[in-house]
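Colleague: First the structure, which I've put down as structure tokens, then a few questions once you've had a look.
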Amino acid sequence: MTVEPVLGGRLSDQVYDLVRASITAGELVPGARLVELELARRYGVSQAPVRDALRRLAADGLVLQFPRRGSYVADISEEDARQAYRVRAVLEQFAATEVCRLAPAGLVEVLHADVAAMREAAGRDDVAGVVDSDVSFHRHVWEAAGNGLLARMWTVTEASLRSFTAVSNKVYFGRLEEIVEHHTPLVAALQGGVPEVAGILFREHVLDIWERIGTPIAD
């Protein structure tokens, strides 16, 4: 087994990042068992930071933990993801509509930075980096909508979607750069300031993945 030593920073944070990147890149497949001792040896650390990292990954929805059975890479079914996307589509439309109505200062610059980070990650063929920037983009929109409940709901929604997004980005898009191209019009729509237009565009953005799969979500 190749040792990937962890250097600097909080050990559990470093292990968390490394394991999460392996999951989102598809190196650790759904159902794979995550053995603390093996991961500790791989990263050259004790089992304590590995245990903490796996607990955090379980909270993110990327890992399943069973008493006396261990930890496993989560397998998010299409039906589970479909239910999450149905909710997300409605909330994305609401968030974009509210953002257009409020026009919060500085948001467009933040979103451009997210898109730039997404583009840089796509250029490296870094699936995990693209997912992180994608998540950051939509989180910023939800948080800027001026609704505290909506911002809190993003945390729950993100955990349900992250694993499936990592897979779908690689499988259903021909190029990672295409994901970046899908976000640029969203920023333009928010800049345009027409709530109804922005809301519909964000909703269609969420539902687009189901058209690619061939089983679109009904209105």
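Colleague: What is the packing order of peptides 87-98, 19-30, taking the mean over residues of other C-beta atoms within 10 Å and listing the highest first?
Modeller: Peptide ranking by packing, descending: 87-98, 19-30.
Colleague: Carbon and sulfur atoms: what percent of the 1.4 Å accessible area of region 23-144 do they account for?
Modeller: Solvent-exposed carbon and sulfur of region 23-144 make up 51 percent of the total.
Colleague: Another question, then. Any chance you could get the radius of gyration and Dmax over the Cα atoms of region 1-151, in Å?
Modeller: 18.0, 54
Colleague: How much accessible area per residue does region 1-159 have, counting only protein heavy atoms and a probe of 1.4 Å, in square angstrom?
Modeller: Each residue of region 1-159 exposes 51 Å² on average to a 1.4 Å probe.
Colleague: Can you work out ³J(HN,Hα) from phi for every residue in region 120-130, in order, using Karplus 6.51 cos²θ - 1.76 cosθ + 1.60 and θ = phi - 60°, giving whole Hz and x for Gly and Pro?
Modeller: Result, rounded to whole Hz: 5, 5, 4, x, 8, 6, 9, 4, 4, x, 5.
The values are calculated or read from the model by the stated rules, or taken from the named source; none is laboratory data. It should be emphasised that the depicted structure is a prediction, and the values quoted were computed from it without experimental measurement. Heads up, the Cβs are rebuilt from the backbone with ideal geometry, glycines too, and the neighbour counts pull from every protein chain shown. These area figures cover heavy atoms from the full protein model, side chains too; ligands, DNA and RNA do not enter into them. Shrake-Rupley method; radii C 1.70, N 1.55, O 1.52, S 1.80 Å.
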